[in-house]
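Step one of this worksheet: look at the structure below.
The values are calculated or read from the model by the stated rules, or taken from the named source; none is laboratory data. On a predicted model such as this, the values are computed, not experimentally measured, just so you know. Cβ coordinates were reconstructed from backbone atoms using ideal geometry, including for glycine residues, and neighbour counts include every protein chain displayed. Just the protein is used for accessible areas: all its heavy atoms, side chains included, with ligands, DNA and RNA removed. Shrake-Rupley method; radii C 1.70, N 1.55, O 1.52, S 1.80 Å.
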Amino acid sequence: MMEQTKQLVQTITEGIQEKKGSGIVIADLTKITGAICRYFIVCQGSSPAQVEAIAESVGDFARLKLGEKPSRVAGLENAQWVAMDYGDVMVHIFLPDVREYYDLEHLWDDAPLTKIADLD
């Protein structure tokens, strides 16, 4: 089960990178009691169009590579903050100022964070 979740995290990360999403941070919540999921993936796009494209790419990658679909997607109508719920993995795609305002990756201070280098 855990291996499948890690594969999903990797595939989602690839989907984000495919559309040049930046500032990817993966929060590992597996040891946090009462956490809503196992992993939180946060990233950003520079415009609403890019945020939307990243969300679409994540959905395509997860579906085509792993047969996974999000149980819920919220925020596509204005594409400032799109949240995708894959059960054990939550994906948040922000515009930079919205991301800064909500500062999700620091919600769980005791969760290990993995920062993924931006692709050129």
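The table below lists the values:
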item: Cross-link partners of Lys65 among lysines (Cα-Cα below 21 Å; sequence separation of 8 or more within a chain); result: Lys6, Lys19, Lys20
item: 222 nm mean residue ellipticity, helices alone, for the chain (DSSP H n ≥ 4; -39,500 (n - 2.57); rounded to 500); result: -11500 deg cm²/dmol
item: Restricting the range 20-120 to trypsin sites (Lys or Arg not before Pro) in coil, as DSSP defines it, with at most 12 other Cβ within 10 Å; result: Lys31
item: Local electrostatic count, Gly23, Cβ distance below 13 Å [Lys/Arg +1, Asp/Glu -1]; result: -2
item: Alpha-carbon Rg with Dmax, taken over the chain, Å; result: 13.0, 37
item: Rounded accessible area of Ile26 (nearest 10 Å², 1.4 Å probe); result: 20
